[in-house]
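Trainee: If you scroll down you'll find the structure; I have some questions about it.
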Amino acid sequence: MLKILKNIFKFFMSRVTIISLLLLFQLGIVLFLAYQLWRIGIYIYIIFNVLSIIASLFILNRSFNPAYKISWIMLVLVIPIAGYIFYLLFGSLRMSKNRKKLIKALDNELINEASKYKDEIKLEDANLEKLATYINNTTGLQVQRNTMSKFLPSGEDFHKELLAELKKAEKFIFMEYFIIREGHMWESIKEVLIQKVQEGVDVRLIYDDFGSINKVSYKFKKELESAGIKVVNFNPYRPRLTMIINYRDHRKITIIDGNVGFVGGANLADEYINRVRKFGYWKDATVVIKGEAVWNLTLLFIQMWKFSTNDDFDYAKYRPTVSYNTTGYVLPFGDGPLDGHQSIEMSYINIINNAKKYVYITTPYLVLDNEMTTALKTAAQSGVDVRIMMPHIPDKKLVFMISRSYYQDLIEAGVKIYEFLPGFLHSKYIVSDDEISIVGTANLDYRSFYLHYEVVTLLYKTESVIDVKRDFDKALEVCHLVKLEETKKVSILKKALVSFLRVFSPMI
């Protein structure tokens, strides 16, 4: 009984609970004021209805995803007063001139530093040439050669390889993660990081404040800084009603001496290496690259660091110093909510549209917009073997319910959907035709494509592409192929709830 009371006290006194309650209090005030305005009289109600119509027309003419527009228009029109106020708070990002100037300057700096070392690469595949050009034009990053890549099919493999490479660091270590949870995995990494600081290595860590909230102690940042590690907690979770609270750093990157880089789904917490099992076996995937393409990851990290601090960098100190005589091409690149592009989603769609034989995708969440749905269905209806692998045991039941609501439409078009029976599938990759693959941090949902900072690595005709395909084939052995009849066995009440949630899914 005493333990239960302690847990309840700990829950209510936690930072995330206190801030969330403050946010709910502010939302309550907004709703109360909206209700009072409605009570004042018909004229106020008419004024806000007019404002709602004007806001809807404004939303309709904004250049973002149609599903996102529909969500906000529905909210604004159905709840004229409160919906209009919510749109002002959360629907449109208002940035100061200084913030806009900083973002523009950082983008230009990244493009400039990337172009300084531009190596003209003529790609033999016209489709890849177009895709690489698109990525370069929207992110500033370019395709690289002379890079070795290795696919790591589990969190355990990632942890082992990461520790081995961290111990070799001589100049600098950059790490950027969505979640850090204190436990065995983090302690083993922290021990190496502190040792490296003592050896004179420049160690920097970015972690998402919301992603790691209640997973690390309140002294976490100060303790690391006192050990000599430079730390940024990205976008601190604060009781402020603003759209910015939604923009999270979902990236998982490690860069060592500019020569070794890790990108993938695994965060720094024990569930990712199956020392703690909350949802059965946790299946993840990471790619480690060595050589010239690591430069792209370094540029992304420095850009994020400078976005959060006033630190300056001598870029020449962080360039790769090794290269590998390998086949194929590697292109790490990032995406974010403030750049005006959906580079990762469009790259996925490009691969799907150009597939000749097969497209295999793994994702823990499936909340699709019209563009992605159309691409998947068109590919399947064109005779391409399209397969999507999902978890069977979810970590978020509500999101999983929404994800499953997409099954019927996709299966009817010929897409095969599998669920990973041993537990939670957290891998995020696409592989096609034994030639091209993208491995990274992005899920197939609105949050990853529109609201999060993400990072992926595009692989073309590297040995690791075949390893990604083998990983999918091996996981299929313990998967359940979802039948069309199963998707129809849903109660009317559940269908109604899911239909409602899907309308507003781009906003949540």
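The values are calculated or read from the model by the stated rules, or taken from the named source; none is laboratory data. Please read all numbers here as calculations on a predicted model, not as lab measurements. Quick reminder, even Gly has a Cβ in these numbers, built from the backbone with ideal geometry, and neighbours come from all protein chains shown.
Trainee: Mind checking which pairs have a first residue in the range 49-62 that is within 16 Å of residue 90 (Cβ to Cβ) and not assigned by TED's automatic domain parsing to the domain that holds residue 83 and a second that is of a type outside the set (A, V, I, L, M) and surrounded by 12 or more Cβ atoms within 10 Å (Cβ to Cβ), Cβ under 9 Å, 6 or more apart or different chains?
Mentor: none
Trainee: Condition first: in contact (Cβ under 8 Å) with a residue 40 or more places away in the chain and assigned by TED's automatic domain parsing to the domain that holds residue 246. Can you find one or more residues in the range 186-199 that meet it?
Mentor: yes
Trainee: Also, quick follow-up: Among 356, 397, which is the only one that is modelled with pLDDT under 95 and charged (D, E, K, R)?
Mentor: 397
Trainee: Report yes if residue 393 is in the same structural domain as residue 436 (by TED's automatic domain parsing), farther than 18 Å from residue 438 by Cα, touching a residue at least 24 places away in the same chain (Cβ under 8 Å) and not in a helix (DSSP H, G or I), otherwise no.
Mentor: Against the criterion (in the same structural domain as residue 436 (by TED's automatic domain parsing), farther than 18 Å from residue 438 by Cα, touching a residue at least 24 places away in the same chain (Cβ under 8 Å) and not in a helix (DSSP H, G or I)), residue 393 qualifies.
Trainee: Taking the range 376-387, which residues are surrounded by fewer than 24 Cβ atoms within 10 Å (Cβ to Cβ) and either part of a helix (DSSP H, G or I) or touching a residue at least 12 places away in the same chain (Cβ under 8 Å) (or both)?
Mentor: 377, 378, 380, 381, 384, 385, 387
Trainee: Hey, can you tell me all the residues within the range 420-435 that are farther than 21 Å from residue 466 by Cα and surrounded by 19 or more Cβ atoms within 10 Å (Cβ to Cβ)?
Mentor: Once the filter is applied, which keeps residues that are farther than 21 Å from residue 466 by Cα and surrounded by 19 or more Cβ atoms within 10 Å (Cβ to Cβ), the range 420-435 yields 423, 424.
Trainee: Do you know which residues across the range 66-82 are at pLDDT 75 or above and not β-branched (Val, Ile, Thr)?
Mentor: 66, 67, 68, 69, 71, 72, 74, 75, 77
Trainee: Looking only at the range 405-418, which residues are charged (D, E, K, R) and either surrounded by 21 or more Cβ atoms within 10 Å (Cβ to Cβ) or part of a helix (DSSP H, G or I) (or both)?
Mentor: Passing the criteria: 409, 412.
Trainee: Within the range 463-485, restricting attention to residues that are surrounded by 12 or more Cβ atoms within 10 Å (Cβ to Cβ), among the acidic types (Asp, Glu) and modelled with pLDDT of 95 or more, which residue is farthest from residue 405 (Cα to Cα)?
Mentor: Result: 467.
Trainee: For the range 458-482, give me each residue that is in contact (Cβ under 8 Å) with a residue 40 or more places away in the chain and either part of a loop (DSSP other than H, G, I, E, B) or of a type in the set (Phe, Trp, Tyr) (or both).
Mentor: Listed by number, the residues that qualify are 460, 461, 462, 472, 478, 482.
Trainee: So, one more: Can you find even one residue in the range 333-345 that is modelled with pLDDT of 95 or more and at positive phi?
Mentor: So far as the range 333-345 goes, no, none of its residues is modelled with pLDDT of 95 or more and at positive phi.
Trainee: Which one of 169, 114 is assigned to a loop (DSSP other than H, G, I, E, B) and under 30 Å from residue 229 (Cβ atoms)?
Mentor: It is 169.
Trainee: Considering only the range 117-137, I want to know if a residue exists there that is under 30 Å from residue 267 (Cβ atoms) and either at pLDDT below 85 or in contact with a His (Cβ under 8 Å, 6 or more places away or on another chain) (or both).
Mentor: Among the residues of the range 117-137, not one is under 30 Å from residue 267 (Cβ atoms) and either at pLDDT below 85 or in contact with a His (Cβ under 8 Å, 6 or more places away or on another chain) (or both), which makes the answer no.
Trainee: Right, here's the next one. Within the range 64-80, can you find the residues that are within 25 Å of residue 346 (Cα to Cα) and in contact (Cβ under 8 Å) with a residue 24 or more places away in the chain?
Mentor: Passing the criteria: 64, 65, 66, 67, 68, 70, 71, 72.
Trainee: Moving to a separate point now. Looking at (1) within 23 Å of the chain's Cα centre (by Cα); (2) aliphatic (A, V, I, L, M); (3) at pLDDT 95 or above, find the lone condition where residue 197 falls short.
Mentor: Every condition holds for residue 197 apart from (1).
Trainee: Of (1) more than 20 Å from residue 263 (Cβ to Cβ); (2) basic (Lys, Arg); (3) in contact (Cβ under 8 Å) with a residue 60 or more places away in the chain, residue 489 satisfies all except one. Which?
Mentor: With respect to (1) more than 20 Å from residue 263 (Cβ to Cβ); (2) basic (Lys, Arg); (3) in contact (Cβ under 8 Å) with a residue 60 or more places away in the chain, residue 489 is out only on (3).
Trainee: A further question follows. Could you run through the range 189-218 and say how many residues are of a type in the set (S, T, N, Q) and touching a helix residue (DSSP H, G or I) at 6+ places or on another chain (Cβ under 6 Å)?
Mentor: Count: 1.
Trainee: Something else now. So the check is Cβ under 7 Å with 6+ separation or different chains; which pairs have a first residue in the range 400-422 that's under 15 Å from residue 489 (Cβ atoms) and a second one that's among the charged types (D, E, K, R) and assigned to a helix (DSSP H, G or I)?
Mentor: Cβ pairs passing all conditions: 405/502; 408/488.
Trainee: Any residue at all in the range 308-329 that is surrounded by 19 or more Cβ atoms within 10 Å (Cβ to Cβ), out of contact with any Lys or Arg (no Cβ under 9 Å at 6 or more places or on another chain) and under 18 Å from residue 137 (Cβ atoms)?
Mentor: No, the conditions are met nowhere in the range 308-329.
Trainee: Checking residue 450 against (1) within 19 Å of the chain's Cα centre (by Cα); (2) of a type outside the set (Asp, Glu); (3) assigned to a helix (DSSP H, G or I); (4) under 22 Å from residue 147 (Cα atoms), which test does it fail?
Mentor: Of everything listed in (1) within 19 Å of the chain's Cα centre (by Cα); (2) of a type outside the set (Asp, Glu); (3) assigned to a helix (DSSP H, G or I); (4) under 22 Å from residue 147 (Cα atoms), residue 450 misses just condition (4).
Trainee: Right, here's the next one. Restricting to the range 194-215, name every residue that is among the β-branched types (Val, Ile, Thr) and either under 16 Å from residue 228 (Cβ atoms) or surrounded by fewer than 18 Cβ atoms within 10 Å (Cβ to Cβ) (or both).
Mentor: Those that are among the β-branched types (Val, Ile, Thr) and either under 16 Å from residue 228 (Cβ atoms) or surrounded by fewer than 18 Cβ atoms within 10 Å (Cβ to Cβ) (or both): 194, 197, 201, 203.
Trainee: Residue 430 is checked against (1) in a loop (DSSP other than H, G, I, E, B); (2) in contact (Cβ under 8 Å) with a residue 60 or more places away in the chain and fails just one. What number does that condition carry?
Mentor: If we test residue 430 against (1) in a loop (DSSP other than H, G, I, E, B); (2) in contact (Cβ under 8 Å) with a residue 60 or more places away in the chain, just (1) comes out false.
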